[in-house]
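Single-structure report; data block below.
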Amino acid sequence: MRDKGRVRGTFRTYLQWPLMMSVFMILLTALVAAVSLKAGIIVSVFTLIYIGIALWLYFSRKRGILAGLISFSSAYGQSSQILMEEMLIPYAVTDSSGRLLWMNREFREVLAVDKSAAKNITAIFPEVTKELLATGGEMMSVHTTYGERKFRVDLKEIMLDHMGSAAVEFGVEGKGASVTAVYLIDETQTLKYMQQIHDQKLVAGLIYLDNYDEALESVEEVRRSLLTALIDRKISKYISGMNGIVKKMEKDKYFFVIKQQYMARIQEERFSILEDVKTVNIGNDMAVTLSIGIGMNGDSYSQNYDYARTSIDMALGRGGDQAVVKDADKIQYYGGKAQQMEKTTRVKARVKAHALRELMENKDRLLIMGHRLADIDSFGAAIGIYRIAMSMNKKANIVVNEVTSSVRPMMDRFIGNGEYPEDMFLKGPQAQELVDPGTMLVVVDVNRPSITDEPSLLRMVKTIVVLDHHRTSSEIIDNAVLSYVEPYASSACEMVAEVLQYIADGIRVRPAEADAMYAGIVIDTQNFTNQTGVRTFEAAAFLRRNGADITRVRKLFRENMRDYQAKAEAVRAAEVYMDAFAISVCPAEGLDSPTIIGAQAANELLEIRGIKASVVLTDYNGTIYFSARSIDEVNVQVMMEKLGGGGHRTIAGAQMQKVSIEEAKERLKEVIRQMVEEGQVS
């Protein structure tokens, strides 16, 4: 209405300006008459004639001018209507509920409906909701599909307060009423070309044979070349089937390149080559397993190769027999069903021990840290590193923020013992005060920064060493100068016991220290029944020679009655899900370390016939702790990773916050269902 009044005022001023000039002419005549009466009479005659003409024009031509303007306006409006109707971009107008009020010819052709047909935009394009129609004057875009074509739907709300008759025409009346302009942009061909570009991108990949040397040793010498040829043929055929290129870089390493269009297929097949290569058998006692690392969607081909190297390192660090795909920032895991074979050679342990010694020689102080709520394996490994520091006359401290009931009896043997300093164990804040350029941090039994006992130390200390036996995940301590991660090792204590034997000659481990490390091996292997290899017994024998006492260790880890009853209750209340998974909840009330009891209950549940995996949930300090265990048929590490955790193939865990026990249990069941459907359970 304001615009209409402004137009009328402008038009009225235009018509009245001759009359306004008449006033000027009268004043001019008066001034002339004051100078000369005769001249004034002459000018007055002309003034009267001018006023007459102005009045005639104003009253006689006004209607004609208005009629001409209306005719022009009508023609202009009709032209606009024709332009909108013939516009090549599909265009329509809807009300606030989505009802189509008007559409042009292109829009009708897209919908293939008659102009008079009543339609609602939300029914035609489900992605367009009533909430999206109220854009507040801003342009909103939605991507959708109609028939076989793909569209971008642009929406813009237009207020009708000032449109009066237009509002009536559209059938939308009332203060604050509005319509929404709808534009359809056909993206079918654009998206098709983008997909073709995406499919033609090259993907870099690496294939490593996990146990090449061990497999060759298990077959007769004259048949070894045949075994190698059959493996080469399997890999070449698999990559050639995707029109890819594969190049053998070393005897057990391959590089390959494929188009990205084949990735969806091999991911859907979950990398069938992993299982296919295991069928190669010409008398070899050991099946060959592969690790695959793939990098894709990097900024360049060289970055894809870097992604592939990162992926293969993760696959090997997680135990091998699996594929890892790094898609920019996203990482996906496939396979990992087989148990990694133990390496009988100790060359790697010796190399890592010497590297650790060189790093320690240049530092004045060692801080040793395990994971949060440290168990006896973490504690024993820390004690082993402490003994190394003492033998090199380095000042060392073990960082322990919270002592669990399982660790307390062992720790009491060091606290107050005159052979050890009073500051042997420190809290996290105390350790932070000691950090200086001459400080070195050794992290044991954990490789995920978020669950270390004092994560802030990882940012403060420049020289970091990691020793762990858990499989790596996408979250790792990436600033470590030395990383020794061996998933086939039974425990961190086993790894430290080996390092002790190579780092220097004549290191004498004291009985209390040997007990702590021996206890870590016993607990993590469940009395040498799980994840146990030749080197595990060799490490245990080394500790026995240094004074570890089996009876003393057993007495230290006897449970009190309340803990035993809680464990028994968790076993009694267990639910068998899908005929193979035992799920239970461990009561936490009144227990000093309920998470430890939950883990022990999970171990007990595995003794039940027919159970492939067990998971015990514990609600402790506002956090839900998962303890997962299996023997060989389920990779519980993959299961826990889907819940934000990780661990070993047969021993893993996870934590959840701000959820109830029932919600956590439902998420666990959903993960189990998904794993069964995807064939990840043997």
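Filter the GluC sites (Glu not before Pro) in segment 219-252 to those in DSSP coil with at most 12 other Cβ atoms within 10 Å of their Cβ, and list the result. Working shown, then result.
Numbers: sites: E220, E221, E250; in loops: E220.
Here the sparse-neighbourhood loop sites are E220.
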Report task. Treat every Asp and Glu Cβ in segment 529-579 as -1 and every Lys and Arg Cβ as +1, leave all other atoms uncharged, and give the resulting dipole magnitude about the Cα centre to the nearest 20 debye. Result -> 440 debye
Query raised in the report: How big is D, in µm² s⁻¹, for the chain by Stokes-Einstein at 20 °C and 1.002 mPa s if Rh is the Kirkwood radius over C-alpha pairs?
Result: 67 µm²/s
**Report entry** Cut-off 14 Å, label 7 Å out along Cα→Cβ of D632, residues of segment 531-554 by amide N
**Finding:** 531-533
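Which number comes out as Rg/Rh for segment 541-607 once both Rg and the Kirkwood Rh are worked out on C-alpha atoms?
Reported Rg/Rh, Kirkwood definition of Rh: 1.13.
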Query raised in the report: Points 7 angstrom from Cα along the Cβ direction at T310 and E131: gap in nanometres?
Result: 3.5 nm
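Stretch D423-E86 to full length: gain in nm at 0.36 nm per residue minus the Cα-Cα span?
Working: separation 337, 0.36 × 337 = 121.32 nm, distance 8.59 nm.
Length gained between D423 and E86: 112.7 nm.
May I ask you to compute the full-extension gain from M20 to N120, defined as 0.36 nm times their residue separation minus their alpha-carbon distance, rounded to one decimal in nm? Working shown, then result.
Values: separation 100, 0.36 × 100 = 36.00 nm, distance 5.62 nm.
Result for the pair: 30.4 nm of gain on full extension.
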Query raised in the report: In whole angstrom, how long is each semi-axis of the equivalent ellipsoid of segment 186-279, when you take the square root of 5 times every eigenvalue of its Cα gyration tensor and sort them from largest down?
Result: 35, 12, 9
Query raised in the report: Tally Lys and Arg at +1 and Asp and Glu at -1 over the other residues with C-beta under 10 Å from the C-beta of D364: what net charge comes out?
Result: +3
Query raised in the report: Which whole-number percent is the relative contact order of the chain (Cα, under 8 Å, 6+ apart)?
Result: 7 percent
Requested in this report: Provide the descending list of Cα extents for segment 531-574 along its principal axes, expressed in whole angstroms.
Outcome: 41, 23, 8
Query - Nearest-ten-degree value, helix 37-60 long axis tilted from longest Cα axis of the chain - result: 60 degrees
Report summary line: With +1 on the Cβ of every Lys and Arg and -1 on the Cβ of every Asp and Glu, the dipole magnitude of segment 218-357 about its Cα centre, in debye rounded to the nearest 20, is 420 debye
Report summary line: Quick P(r) readout (segment 395-494; Cα-Cα; 5 Å bins; whole %) gives 2, 11, 20, 22, 21, 16, 7, 1, 0
Report task. For segment 500-632, just the Cα atoms, rotate onto the principal axes and tell me the three extents in Å, largest first. Result -> 53, 33, 26
Report summary line: Between the alpha carbon centres of segment 365-420 and segment 428-457 the gap in Å comes to 13 Å
Requested in this report: With everything on Cα atoms, drop me the angle between helix 188-200 and the longest principal axis of the chain, reported from 0 to 90° to the nearest 10.
Outcome: 30 degrees
Report summary line: So the angle from the long Cα axis of helix 347-361 to the longest Cα principal axis of the chain, reported in degrees to the nearest 10, equals 80 degrees
**Report entry** Extended-chain gain in nm, criterion 0.36 nm per residue less alpha-carbon gap, I507 and Y146
**Finding:** 122.4 nm
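First measure r as the distance between the Cβ atoms of N479 and Y620, then evaluate 1/(1 + (r/R0)^6) with R0 = 35 Å and state the FRET efficiency to the nearest 0.05.
Working: r = 30 Å, r/R0 = 0.87.
Computed FRET efficiency for N479 and Y620: 0.70.
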**Report entry** D (Stokes-Einstein, µm²/s), Kirkwood Cα radius, segment 481-561, 0.692 mPa s at 37 °C
**Finding:** 250 µm²/s
Query - Positive minus negative residues near Q200 (Lys, Arg vs Asp, Glu; Cβ under 15 Å) - result: +2
Requested in this report: Using a cut-off of 11 Å between beta-carbons, work out the net charge of the residues near M84 (Lys and Arg +1, Asp and Glu -1, M84 not included).
Outcome: -2
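Can you tell me, using C-alpha contacts under 8 Å and at least 6 residues apart, the relative contact order of segment 546-603 as a whole percent?
Details: 43 pairs, mean separation 17.9, N = 58.
It rounds to 31 percent for segment 546-603.
So for segment 628-682, considering every pair of alpha-carbon atoms, how many percent are separated by more than 17 Å?
Percentage above 17 Å: 33.
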Report task. Can you pull the one-decimal nm distance between simple spin-label points at E220 and F255, each 7 Å off the Cα toward Cβ? Result -> 3.8 nm
Query raised in the report: Lys/Arg Cβ at +1, Asp/Glu Cβ at -1, dipole of segment 195-281 taken about the Cα centre: which of Y238, Q195, T228 is farthest positive-ward?
Result: Q195
Query - Reach of K665 by Cα under 12 Å, taken over aspartates and glutamates that are not fewer than 8 positions away in the same chain - result: E575, D619
**Report entry** FRET efficiency for R270 and E433, using Cβ-Cβ distance with R0 set to 45 Å, rounded to 0.05
**Finding:** 0.35
**Report entry** Rounded to the nearest 20 debye, dipole of segment 314-461 from Cβ charges on Lys, Arg, Asp, Glu
**Finding:** 600 debye
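Could you give the alpha-carbon Rg of segment 583-648 over 2.2 N^0.38 Å, rounded to two decimals?
1.09
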Query raised in the report: To one decimal place, what orientation-averaged projected area in nm² is obtained for the convex hull of the Cα set of segment 277-403?
Result: 12.2 nm²
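Values quoted throughout were computed directly from the atomic coordinates according to the rules given, and no laboratory measurement underlies them. No experiment lies behind these values; they were computed from the predicted model shown. Ideal geometry is used to build each Cβ from the backbone, glycine not excepted, and the neighbour counts take in all protein chains shown.
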